């Protein structure tokens, strides 16, 4: 989980959120789990930082419709606003 790490680095403004891709393992026919690979079309993310006006909690899993992909210290994140959140888990 990246929550403690990102909290002091990227600070979103207003109703913006910083999200981290949740990678899912791929299960082969033989039952072997292969770590997921980022394809650029992911919709499922973990909320790692929120702006002051955001009602969604850090640590929630969310599905989003878009945002701006950024890299901070070599780690990819998505910055988006609360309006692009389609659902929470």
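The values are calculated or read from the model by the stated rules, or taken from the named source; none is laboratory data. All values derive from a computational prediction rather than experimental measurement. No Cβ is skipped: glycine too gets one built from the backbone with ideal geometry, and neighbour counts run over all protein chains shown.
Structural remarks
- Condition check for residue 53: touching a strand residue (DSSP E or B) at 6+ places or on another chain (Cβ under 9 Å), modelled with pLDDT under 90 and not in a strand (DSSP E or B): yes
- If you go through segment 14-47 and keep only what is at pLDDT 90 or above and either farther than 20 Å from residue 83 by Cβ or assigned to a loop (DSSP other than H, G, I, E, B) (or both), you end up with 14, 15.
- Subset of segment 59-89 [surrounded by 15 or more Cβ atoms within 10 Å (Cβ to Cβ), assigned to a loop (DSSP other than H, G, I, E, B) and in contact (Cβ under 8 Å) with a residue 40 or more places away in the chain]: 67
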